[in-house]
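Below: one structure, written as structure tokens.
The values are calculated or read from the model by the stated rules, or taken from the named source; none is laboratory data. In this text, all values refer to a predicted model and were calculated from it rather than measured experimentally. Virtual Cβ from ideal backbone geometry, glycine too; neighbours counted across all protein chains shown. Areas reflect the complete protein model, heavy atoms only, side chains present, ligands, DNA and RNA absent. Shrake-Rupley method; radii C 1.70, N 1.55, O 1.52, S 1.80 Å.
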Amino acid sequence: MDIEQIKRKVKKNLSEKRYLHTLRVTELARQLARTYGASEIHVQKAALIHDYLKETPNHELQSIIESTDDPLDILAYHPVLWHGPAAAIIAEKEFDIHEPSIIEAVRYHTTGRPEMDVVEEIVFIADYMEPARSFPGIEEVREAATKSIEQAISLALGNSIRYLIHQKATIHPQTFQAYNAYVSTLISEYGGNKIW
Ligand SMILES: [Fe+2]
Ligand SMILES: [Fe+2]
């Protein structure tokens with residue numbers, strides 16, 4: 001499917017509020033693709049599909065996830081995480097998407113993971129900091145994203161982990177692993193210079 005076809009299909013499945021969020025993420029992802037030399041087409045397709053199942057009932061998400069292996073053990077964690085992996089599972093069939101970068105960007109936008117490729121990184125951070133988002137620490141993430149996407153992702157993961165702990169929520173192991181991997185990369189790049 002091309003971008004316009006994907007947009008029409010996504011619009012039908014979402015409330016106006018969620019669809020507008022999707023469009024803002026998609027536009028920000030397109031801008032970040034220019035900054036970081038990623039495929040604008042790939043990031044836009046992934047961003048459009050990322051929340052396709054956000055308003056789908058949990059029992060439907062569960063049966064989609066149960067229809068395949070569940071290597072993330074995602075069903076053992078909070079249902080708010082399920083819509084990413086579930087949308088990745090149906091992306092091939094429903095959107096005719098075969099590009100692994102797009103599928104993985106959709107799958108991991110809820111948890112993050114270590115060593116995301118640039119399309120995954122862009123969708124992850126665009127979803128986190130799209131223009132309508134407003135919460136403590138977000139300006140620091142926006143500022144970081146103009147220079148280093150790894151730095152922005154480290155900050156975003158740290159904020160998310162702190163928030164989840166504060167909420168007394170469980171945290172998916174991929175989120176911790178992603179945090180460790182991105183912070184380790186920054187330490188090895190910048191050494192003792194704590195520019196981040
Ligand atoms: Fe989402
Ligand atoms: Fe989203």
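The apolar share of the surface of region 3-190, taken as the fraction of accessible area on carbon and sulfur atoms (1.4 Å probe, ligands and nucleic acids excluded), comes to 50 percent. Only Cα pairs within less than 10 Å get springs; with that Gaussian network setup on the chain, which residue of H21, H172, H78 has the largest fluctuation? Looking only at H21, H172, H78, the biggest GNM fluctuation is shown by H78.
Summarising the label geometry, the points placed 7 Å from Cα in the beta-carbon direction at E143 and I187 lie 2.4 nm from one another.
Computed extension length for H59-K168: 36.8 nm, one decimal, from 0.36 nm per residue of separation with the Cα-Cα distance subtracted. Between amide H atoms placed 1.01 Å from N, distances below 5 Å from I97 occur with E92, all of them 5 or more places distant or on a separate chain. I103 exposes around 20 Å² of accessible area when a 1.4 Å probe is run over every protein chain in place.
For region 136-162 versus region 36-71, the inter-centroid distance based on Cα atoms is 23 Å. Once the Cβ-Cβ distance of M1 and D70 is raised to the sixth power relative to R0 = 35 Å, the FRET efficiency obtained is 0.85.
Heavy atoms of the protein chains alone define the surface here; on that basis region 3-190 has 49 Å² accessible area per residue at 1.4 Å probe size. When the pairs K45/K147; K93/K168; K45/K168 are compared against a 32 Å limit on Cα-Cα distance, K93/K168; K45/K168 fall above it.
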